[in-house]
1. Within a 10 angstrom radius of each residue's Cβ in B:159-168, how many Cβ atoms of other chains show up on average? Whole number is fine.
2. What fraction of the Cα pairs in the stretch B:6-88, stated in percent, has a spacing above 22 angstrom?
3. Each label point is 7 Å from the Cα along the Cα-to-Cβ direction; what then is the distance between the points at A:D112 and A:Q6, in nm?
4. Given charges of +1 on the Cβ of Lys and Arg and -1 on the Cβ of Asp and Glu, with all other atoms neutral, how large is the dipole of the protein assembly as shown about its Cα centre, in debye to the nearest 20?
5. At 1.4 Å probe size, with no ligands or nucleic acids counted, give the accessible surface of A:D19 in Å², nearest ten.
6. Can you give the calculated 222 nm mean residue ellipticity of chain B, where each DSSP H run of n ≥ 4 adds -39,500 (n - 2.57) and the sum is split over every residue, rounded to the nearest 500 deg cm²/dmol?
7. Please give, to one decimal in nm, the separation of the simple spin-label points placed at A:T180 and A:R50, each 7 Å out from Cα toward the Cβ.
8. If you plug each phi of the stretch B:62-72 into the Karplus form 6.51 cos²θ - 1.76 cosθ + 1.60 with θ = phi - 60°, what whole-Hz ³J(HN,Hα) values come out, in order, with x for Gly and Pro?
There are 2 protein chains.
Amino acid sequence: MAQRNQLKFIILGLLSENDLTGYDITKAFESDIGEFWSANHSQIYPLLKRLEDEQLISHKLEVVGEKLEKKLYSITQSGKEVLRQWLSEPTPELSATKDEFILKLYFIHTADDPLLMPMLTEQHQLHEAKLHHLQEQMAKKFPDHTSQNNLGHFLILQHAIQRETRYTAWLVDLIEKIKTD
Amino acid sequence: MAQRNQLKFIILGLLSENDLTGYDITKAFESDIGEFWSANHSQIYPLLKRLEDEQLISHKLEVVGEKLEKKLYSITQSGKEVLRQWLSEPTPELSATKDEFILKLYFIHTADDPLLMPMLTEQHQLHEAKLHHLQEQMAKKFPDHTSQNNLGHFLILQHAIQRETRYTAWLVDLIEKIKTD
DNA sequence: CTGAACATGTAATAAGTTACATGATTCC
DNA sequence: GGAATCATGTAACTTATTACATGTTCAG
């Protein structure tokens, strides 16, 4: 997808919370934010340079040990404004979901197709695992069931848990129905 | 996204049901399949050529009126095999959802942020409209509430309706909760 | 001392969007 | 006759993935 550079805003958003290195940002996509967005380091490092050229962020060097230099990035005032502008803009596009399993399902025409049941059980396992993972994240990040200063993060976890609960239940129903055919 | 060419399989899948022109395929992404995938004609026409080079599809010319030539594409035996192979492969990747609103929400930290409520009401409208649209589609495509020879299409519509119902309910809850704060 | 994790980059390629470009047919 | 829709293509650019490439630090 060549959509209008959402990654740029994610980086600004993350830097608005903490100063981070490119590596830290890469890691963020493997945990927290990875629940609902992805990016590789090979995309992140060049973009950090570009954002610095645009003066939305700046960096200072931190030396670790003998010689390893880390670039610790901070958001600038201008960067904060760009971030806030993005947040305040309408978000009128409901992008297509692009779930490969759903795509495949579209091309299964009858309940007796031998490919159907394996597909359903595979997805059931995957979504149940995802659900458990999300529930663990929720328990870990919000142990007292309140959002504190992280309302957004709390809400999207809650939302994702609801989504996966619903997805899993749909698959279970379907598996039952097709079994008893 | 440079994911492993799902569009290729969508085209093969569509052509396995009917012979179609590039224009027909483009239109399919604006209706049916557009609920859960998107593609532009500028991506479709070159890919049709490539798939023909790979001998997965072939075309014959149909002349309409005086001189307009349409290319009506058909799937080949080899194409059918490639499609079936794709369908039978595991689908172990739960791709990140990439919902821009969810992304923005992540960076809203407190319930009293003035940006929050407008975001929620905007999304509520969008998702409610989407839900209605899906319900209409369902009523139109499956008026007798059975899937006939289109199980897959029926199921993904059902799934999408459940998803949007859940999404809308979550937003309504949230709006209520924040209002009475 | 060694392997895992930290840390940063580039290159090649693929996928996707937006804009440019043209012409025919059908319906009113 | 004119507008909407049908029909097909290319060009320029951006975004994203995979692979290549290198070196440091820390924990056991």
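The values are calculated or read from the model by the stated rules, or taken from the named source; none is laboratory data. All values derive from a computational prediction rather than experimental measurement. We place every Cβ from the backbone using ideal geometry, glycine too, and count neighbours over all the protein chains shown. Keep in mind that these areas ignore ligands, DNA and RNA; they rest on the heavy atoms of the full protein, side chains included. Shrake-Rupley method; radii C 1.70, N 1.55, O 1.52, S 1.80 Å.
1. On the way: counts 9, 2, 0, 6, 6, 1, 1, 6, 5, 0.
Taking the mean over all residues of the peptide, I get 4.
2. Numbers: 742 of 3403 pairs.
Value for the stretch B:6-88: 22 percent of Cα pairs lie more than 22 Å apart.
3. So the two model labels end up 4.2 nm from each other.
4. Details: 40 positive and 54 negative charges, 107 e Å.
Dipole about the Cα centre, nearest 20: 520 debye.
5. Accessible area, nearest 10 Å²: 70 Å².
6. Numbers: 7 runs with 106 residues, N = 181.
Rounded to the nearest 500, it is -19000 deg cm²/dmol.
7. Once both label points are built, they end up 5.4 nm from each other.
8. My calculation for the stretch B:62-72 gives 10, 9, 10, x, 7, 8, 6, 9, 9, 9, 9 Hz in order.
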